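These notes concern the structure reproduced below.
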Amino acid sequence: MKDAKVVDDERSDLRRRLAEAEETLRAIRSGEIDAIVVEGEANPAVYTLKGAADPYRLLVEQMAEGALTVSSKGVILYCNAAFARMIGRPRERLVGSVVSDLIVPRLDRPQLTEFLESTARGREIELQADSGETIHAYVSSAFLTIDNELLHCLVVTNLTHQELRILHEAIVGSSPDGICSLKADGTIASWNAAAVDLFGYSSREAIGNSVCMLFPAELCREVGEILRRVLQGEVVRDDFKCVTKSGAGVDVSLGLSPIIADDKSAIVVIARDITDRKTLEGELRDAGRRKDEFIATLAHELRNPLAPLRNGLYVLSKLHKTGDATQPVHEMMERQVNHLVRLVDDLMDVSRISRGKISLKKEPSDLGAAIRQAAEMTRELVEANELELKLMLAEEPLTLDADPARIAQVFSNLLDNAAKYTHAGGRVEIFSESRDGQAIVTVADTGIGIPAEMLPRVFDLFTQMGGAFERSRGGIGIGLALVRDIVRLHGGDVEAHSDGVGLGSRFVVRLPLATAPAVQANFSSGMRKALSSHRVLVIEDNLDVADSFALLLKTLGATVQVANDGAHGLEAFADLRPDLVFVDLGMPDMNGYETARRIRERPGGKDVTLIALSGWGGADARKRTEECGCDRHLVKPVEIQELEKILESSQITNTH
C-alpha cells in the first residue's frame, strides 16, 4: 500500500497533467498551436494540427450559406464571406457587432437567448441587409464550449435567394423560348429544355461547347464581335439563320444581354423560333408584290381605252363651233376622261412608290409656281362645286430642290380632296410661308371635317371617309397616300388636322428650302399652233387607239400613215420615209422594242425621231426604250400639250 506522500505526489502530477491537457485543448481550439509533440518510449511523435484544420476552414469559407460564430451574449466573433455578402457589410465591421441588430424585429436580451437556443432545432427569421432589403433566412446551429464559454456556430441559408432561384429555374425550364447562359469566352454554361427542342442538342452535348456551333461557320467572327459588345454592356437583338444539330437551318430571333454575378461577367441568350413569322412575312411580301403588279397591270390596261377617248374628244373639240348645243356635253365628257386619266396616273404612282421605283427629277423649283399650277388643275372642280378658292402665297420666292411636277401633284391632290369634301358655298384656302429653313404650306377648307378616330389613318392607302355624302364624292382613297409618299421622298412631312365633324380640315405640308435660285418651270397648259410639215408613222396594234391617234395628228396638220403590227410598220417606214415614228411597245409577234431596233438599222432610220408609246411609264420601261433607240417615251393616253411640243420641236425637221 502506498504511503500518503506517494499518493499526494501522484495526485499533484495528475492535476498538473490535466492542467496541461486543458491548456493544450484551449490552444488547439484557439489555433494558437500548429502541432503536438507526444513523447513515447521510442522517439517523440509530432502531430501537425494546422494541416488537419485547413480543409475545414476552407470548407466554411467556400460555403454558399452564411456561417458565423456568436457568443452567448450575441456578439459576432467570426463570419464567413458568404454571410458578409448576404448582409452587404465588410467582415471586419460585422465581427464585434451584435447579431440581434441584424434581426427584424430587433431582439432584446431574453429574446436573443431564446433565439440562440431555438436555432439548435432550426428556425426561420428575417434579416435586415445594409441595402434595406429584408432577407428571409433559415438558421441552424451547433454549440461549442471554449474556456467555459458557450459559443453558437450558426449556419444561415438565404431563403429569399433560394426561392428566387427555384422560381427562376421554373421559369427558365418552362419557357417556350430557348434560354442559355454563356461564359465570357462564349462557352455554353446552361441550356434549358426549349433550347434542346429548338437546336436538337441535349444539355450534356451543349454545355461546355462554344455557342458558335449554333451558327454557320462564316458567321463565327460576327458572333464573336457581338459577344464582345454584350460584355461591354450592350443589349443585342437580331434575327439569325442558325444551324441545328441535324445541320438544318432555322430562323431564330436572338436577344443577348450582359449579366454580372459574383464579379464575373456572363451573357444570357434568349432564342425564339421565328420560322412561322418568316414564312408569313414571305407570304405577305408575295401578296404585296402581286397586289402591286395587279394595280400596275390594271392601270396599264385602262390606258388603252382612255387613249382613243381622249384623242376623239380632242378631235371633236376642233370640229365644234362656238355655241354648239353639244358643247356642254363635250366639256363634261372631257372633264370625266381627264378625271379617269388622273385616277390611272395615281394608281401607277402608288404601284411605283410601293415598289420603290418612282424617280424624282429634282431641280431648283419655285414653290409658288407649283401651287398656282395645282390651283389651275383643280379650278374646274372648285367652280363646279360652287366653292371659293383663295391663294395667299408668301411674297418672297420659296425655292425647293424638288421635282416641280410632283410638287404640283401634291397640292393638286390636296386641293382636289378639299374641293370634294366641301359643300357648295364653302371656302378652300391655301397659304404658304417660310420658317426655320422650311417651306410651310397649309391647305384649309370649311368642309365636312375629319372624325378624330380617322386622323391617324387619313394618309393610309385606300382609306375613305364613311357616310353617304362622303361616298358620293368619289375617289378610291389613294390621293392622300400619294401626297404623304411624295412629300417624304422630298425630305418633308405632312400632317392632317381637324376640330371634328363639320368643322373643316387643315393639311400642313413642310418641305426643306433650297439655296439655289429656282428654274422657271413651264406649267403652261395653253394650246400651241399646230404644224403641218411632218410625215408621221403610227405603229399600233389596237385599232381604236391607232385610228384615233392618227385622226388627232391629222387635226394638228400632220400627214399620217398607220400600221397595225411591227412587220407592216417596217414596210410603211420604207414607203413613207417619215420624220416621226410613234411605235407601241406591247404589240404581239414583233414587239415595239424589236421594231424600233430594226427601224434604226434601215436606211434613214438613224435620222428619224422615234417615240415609244406605252401604258407603262416606269424607270425600267423607259430604260428599255432608250436602249432600243427611242428618243422619247410617252405614256398613254398622250397629253395633247406634250404632243404639240414634240411636233414643233426644233429637233424634228423635214429633210425629204
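No value in this document is a laboratory result; all are computed from the given coordinates. Since we're looking at a predicted model, the values are computed, not measured. Because the Cβ atoms are built from the backbone with ideal geometry, glycine has one as well, and the counts that use them run over all protein chains shown.
Taking the Cα centroid of segment 233-274 and of segment 120-139, what is the distance between the two, rounded to the nearest whole Å?
The distance from the Cα centre of segment 233-274 to that of segment 120-139 comes to 36 Å.
Please report, in whole Å³, the volume per residue of the convex hull around the C-alpha atoms of segment 63-159.
89 Å³
Using only the Cα atoms of segment 175-273, what do you get for the radius of gyration and for Dmax, in Å?
Rg and Dmax of segment 175-273, Cα atoms, are 12.3, 38 Å.
Could you order the peptides 286-298, 131-143, 307-319 from most to least packed, using the average number of other C-beta atoms within 10 Å per residue?
Listed from highest to lowest mean packing, they are 307-319, 131-143, 286-298.
Quick check on the exposure proxy: order T275, T160, T595 from fewest to most C-beta atoms within 10 angstrom.
T275, T160, T595
By count of other Cβ within 10 Å, fewest leading, how are C628, C220 ordered?
Listing C628, C220 from fewest to most nearby Cβ atoms yields C220, C628.
If I model a spin label as a point 7 Å beyond the Cα along the Cα-Cβ vector, how far apart are those points for A81 and N338 in nm?
Reported label-point gap for A81 and N338 is 8.8 nm.
Got a sec? How would L387, L503 order by Cβ neighbour count within 10 Å, fewest to most?
L503, L387
With θ set to phi - 60° and the Karplus curve 6.51 cos²θ - 1.76 cosθ + 1.60, what are the ³J(HN,Hα) couplings of segment 131-144 in order, to the nearest whole Hz, using x for Gly and Pro?
Running phi through 6.51 cos²θ - 1.76 cosθ + 1.60 with θ = phi - 60° gives 6, x, 5, 8, 10, 7, 9, 10, 10, 10, 8, 9, 9, 9 Hz.
Of the cross-linked pairs K278/K362; K606/K636; K291/K606; K554/K606; K420/K623, which ones have a Cα-Cα span greater than 30 Å in the structure shown?
Where the Cα-Cα span goes over 30 Å, the pairs concerned are K278/K362; K291/K606; K420/K623.
Could you check the spin-label model distance between E169 and E594? Points 7 Å from the Cα along Cα→Cβ, value in nm.
Spacing of the two 7 Å Cα→Cβ label points: 7.7 nm.
Hey, what do the phi angles of segment 487-501 turn into as Karplus ³J(HN,Hα) couplings, whole Hz, using 6.51/-1.76/1.60 and θ = phi - 60°, x for Gly and Pro?
Result, rounded to whole Hz: 4, 5, 4, 8, x, x, 8, 9, 10, 10, 9, 7, 7, x, 4.
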